[in-house]
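Remarks on the structure that follows.
The values are calculated or read from the model by the stated rules, or taken from the named source; none is laboratory data. Note that the structure is a prediction, hence the values are computed from the model and not measured. As a convention, Cβ positions derive from the backbone with ideal geometry for all residues, glycine included, and neighbour counts pool all protein chains shown. The area values use the complete protein model at the heavy-atom level, side chains included, leaving out ligands, DNA and RNA. Shrake-Rupley method; radii C 1.70, N 1.55, O 1.52, S 1.80 Å.
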Amino acid sequence: MAGEFSVITESIVHVKVSSNATSFLSERKVPKDCKIVELKSKLELQTGCSSAHMKLEIYDKHDKLVCRLDDDDALFGSYPVDNDMRLHVTDPSKKLGEFEDVSKVEKFEISQDEYNKRTDSVRAFKQRMKLGRFAEQQPEEVQKQEEARRLKEEKEKALASAMNVGDRCEITVAGNPKRRGTIMYVGETEFKEGVWVGVKYDEPHGKNDGCVQGKRYFECPPKYGGFVKVESVEVGDFPEEGFSDGDLDEF
């Protein structure tokens, strides 16, 4: 008949899902013919909130409350819902960040000796297949590598022998501005092989306070300490002066 018309709307609504248990948003497609009680059951898996205690609210694009979905037998589409609205889930038994605190997660740990005994590890696979550092090398190549390593160690020790705690120094690392400071430590470390020089910088451009990975090598204020290789250090009568910011290749 003339003058008759019908309104056709989408059968599925795209909403953003938030909850009082997490700080992040997720997305979900919700059929309009889905009952609220069924929706709660699905949201339980998505948010971790209990469907038995769950309360639902719809917010518009401007984050204003539109309505509460408080009738479990009602259809989702019976409420004024639209795409890109936010469906907020509240569970009184949960608190914000409860599922984000990784310190509460039991971690799997294994000793180095136990790991070495395993035959199903990545290391064991590389050893069997002779890959990476486990690849077979010619005796001449192995000898060259060992000689190069020995010469490097000797050079580092020779340079380090001329450095003393309390010496003024200037640090030069490629691609970074020079920095000055005072030597606070010279020697081997637990965080990496080789000889390292611990420096207290004149300016707060360091990486630490003399402590790395729980091991303290010297004392200084936070951000004033750093460790660099001996070849990056020049000892001399360097007066204090300011420098521009930049990141050094250091620990």
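Per residue, the accessible area of the stretch 39-194 comes to 71 Å², computed with a 1.4 Å probe over protein heavy atoms only. Of the trypsin sites (Lys or Arg not before Pro) found in the stretch 18-90, the ones in coil according to DSSP and having at most 13 other Cβ atoms within 10 Å of their Cβ are K61, K64. If R0 is taken as 22 Å, the Cβ-Cβ distance between R133 and E153 corresponds to a FRET efficiency of 0.75. Taking the alpha-carbon distance from K155 and a cut-off under 30 Å, which lysines remain once sequence neighbours fewer than 8 residues away in the same chain are dropped? Within the straight-line cut-off, K155 pairs with K144, K178, K192, K200, K207, K215, K223, K229.
3J(HN,Hα) along the stretch 48-65, derived from phi through the Karplus expression 6.51 cos²θ - 1.76 cosθ + 1.60 where θ = phi - 60°, amounts to x, 7, 6, 5, 5, 10, 6, 10, 10, 9, 10, 10, 7, 5, 9, 6, 9, 5 Hz, with x in place of Gly and Pro. For the chain, dividing the convex hull volume of the Cα atoms by the residue count gives 316 Å³ per residue. Annotation note: chymotrypsin sites (Phe, Trp or Tyr not before Pro) in the stretch 18-116 located in DSSP loop regions with a Cβ neighbour count of at most 11 within 10 Å are F24, F108. Here the gap between D84 and E140, fully extended at 0.36 nm per residue and compared with their Cα-Cα distance, gives a gain of 13.5 nm. Each DSSP beta bridge with both residues in the chain is either parallel or antiparallel, and the antiparallel ones are about 90%. For the Cα atoms of the chain, what angle does the longest principal axis make with the long axis of helix 36-47, in degrees from 0 to 90, nearest 10? With both axes taken from Cα atoms, the answer is about 0 degrees.
Applied to the stretch 224-234, the Karplus parametrisation 6.51 cos²θ - 1.76 cosθ + 1.60 on θ = phi - 60° returns per-residue 3J(HN,Hα) values of 9, x, x, 10, 9, 6, 4, 5, 8, 10, 10 Hz, with x for Gly and Pro.
What a 1.4 Å probe finds exposed on the chain is 50% carbon and sulfur by accessible area, rounded to a whole percent.
Among the lysines of the stretch 1-83, pairs at least eight places apart or on separate chains and with Cα atoms under 20 Å apart come to 20. Gain on full extension, evaluated as 0.36 nm per residue between K16 and Q213 minus their Cα-Cα distance, stands at 66.9 nm. Spin-label model, K223 to F108: label points 7 Å out along the Cα-to-beta-carbon direction sit 4.0 nm apart. Between the stretch 111-176 and the stretch 8-86, the C-alpha centres lie 56 angstrom from each other.
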